[in-house]
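This report refers to the structure that appears directly beneath it.
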Amino acid sequence: MKKIVYAILVLLCTVVFSCHEDEVQDQKSDAVPEDIISKIQRAGFDTSEGLSKYRDGYLIEYDILLTEEQIDELIEENENSKNARTQHYRTTNLVTASPARTIHVYMDAAFDSYMQNSFITALANYNSLNLSLTFLSVSSAAAADISIYAFYEVSSTLGISAGFPTAGNPANPIYLNTYYYNSSTSRPDAPTVIAHEIGHAIGFRHTDYMNRTFSCNRPNDPNNNEGSAGVGAVHIPGTPTTPSAESWMLACSSNTYRPFTTSDVTALRAVYPHASVPVRTIRSAVFSNVYMRMDGSNVTAAVGQGSGLVNCAYGANLYERFNFYPQVDGTYAIESVQFPNVFLRMDGTGLTAPSDIGGGTANCQYGSFAQERFYIVKLSDGTYTINSKTYPNIYLRMDGSTVTGPLDNGGGVVNCQYNAFAQERFYISPDLF
Ligand SMILES: [Zn+2]
């Protein structure tokens, strides 16, 4: 039996195991009584590996720390769940998120700026999906729903989550090992490991919990295909039944940065869907029957400069329909209805004065981050302006002067303007407020 806890790239595996395996095994694994192992199995976990006595509980599947009371609760709550052997899993314990809820998260000030930035990235990646959970960083553990603490241990443990949600609240706290995450390491997997432990805290199990060979690279381990009874493992509809190599909830880390895959997005949105919002259109106030059009057909990953096409259409059909998601900072994120998780992006770099032809860029982004957040103001004539949060004086502009009839791929220009004039005014239907 081998000991890793949300672990380890292939090379590091070899190194850590060769140095510490025996020692760690002696310290940890034999300390789990048989009756506890039986309980853990009844609660639906794989005990063939990654199990040890740890602190005031038991470390399960490498990085999930559960007390005996929590194990008992999971047995009770999960005993009616069905077995499932497919890709994305959640527990039956979730965070209460209806209506939408803000989860406050604290990152131990002992971590350096690289880790603080990784923390911000992890939260931003969750928030980019406009889930019913919004993650907000706070500066004290007292104000936090989830606190992320540093600990130091010479072991193969990267991070530990305190189990799964209880009573509708996220599990708390999370621990990250400064043996791996310190000022001289800057490990690329830091944002993913933080997102992974938060994933447990809000109720997600390991994507590959039935077969850890998938991420942990142990093809010859006879235990790799052994699974638990699957109690409490609920397959998430819409996620694939074949393994996904890049999921953020794989049990082992490859020490790479892995933003959410499309299947991860499906899983997160299935479990924590945003409250439904009305489908809306954005119509020019000055060009008759001209609507904003968004083609996100090739937009499948977040890239710095955005991608896809935002232009004008004559009339409103599938590409001219949008969801407006309110954000905790008072802004909105504007998502294509036709292309889920594709958002309007504006880049006003270099535009420092009004221009007859506008400037900057309006296009698409996969997910909504800083450049995809907008202040929307309603004017006295019933029109709206759409103002970039990142670029304070920059507004969405639409020139539909050449769009006088239907076009296959749209036409005209949608870009940015410095300040708002006629072409920067829109009717949003139905009214946003
Ligand atoms: Zn894990």
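Nothing in this text is a laboratory measurement; each read-out follows from the coordinates by a stated rule. Keep in mind that what you see is a predicted model, and the values were worked out from it rather than measured. Every residue, glycine among them, receives a Cβ derived from its backbone with ideal geometry; neighbour counts consider all protein chains shown.
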(request) Could you order peptides 361-373, 180-192 by the average number of other Cβ atoms within 10 Å of their residues, highest first? (result) 361-373, 180-192
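How long is the gain from F421 to Q327 if the chain were fully straight, where each residue apart is worth 0.36 nm and the alpha carbon distance is subtracted? Show your work: numbers first, answer last.
Working: separation 94, 0.36 × 94 = 33.84 nm, distance 2.57 nm.
Using 0.36 nm per residue and subtracting the Cα-Cα distance, I get 31.3 nm.
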(request) Along Cα→Cβ, 7 Å out, is where each label goes; now give me the distance between the ones at T102 and T404 in nm to one decimal. (result) 5.0
(message) Regarding the range 92-187, what's the average projected area of the Cα-atom convex hull, expressed in nm²?
(response) 6.7
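What does the C-alpha gyration tensor say about the overall shape of the range 281-429? Classify as rounded when a/c is under 1.5, otherwise prolate if a/b is larger than b/c, or oblate. The partial results should precede the final answer.
Numbers: a/c = 1.29, a/b = 1.04, b/c = 1.25.
Rounded, because the longest to shortest axis ratio a/c is under 1.5.
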(request) Would you mind calculating the gained length between T300 and S183 on full extension (0.36 nm times residue separation, minus the Cα-Cα distance), in nm to one decimal? (result) 38.8 nm
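Sorting E335, E61, E49, E76 on the 10 Å Cβ count, fewest up front, what's the list?
Working: E335 27, E61 24, E49 20, E76 11.
Fewest-to-most Cβ neighbours within 10 Å comes out as E76, E49, E61, E335.
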(message) If neighbour count is taken as other Cβ atoms inside 10 Å, put K378, K53, K39 in order from fewest to most.
(response) K378, K53, K39
(request) Using amide H atoms built 1.01 Å from N in the peptide plane, name the residues 5+ places from Y179, or on other chains, whose amide H lies under 5 Å from its own. (result) E153
(request) Arrange T256, T383, T67 by Cβ neighbour counts within 10 Å, fewest through most, would you? (result) T256, T67, T383
(request) Work out how much length N169 to L379 would gain on full extension: take 0.36 nm times their residue separation and subtract the Cα-Cα distance, in nm to one decimal. (result) 71.5 nm
(request) Would you calculate the separation in nanometres between label points at A275 and S38, each defined as 7 Å from the Cα along the Cα-to-beta-carbon direction? (result) 4.8
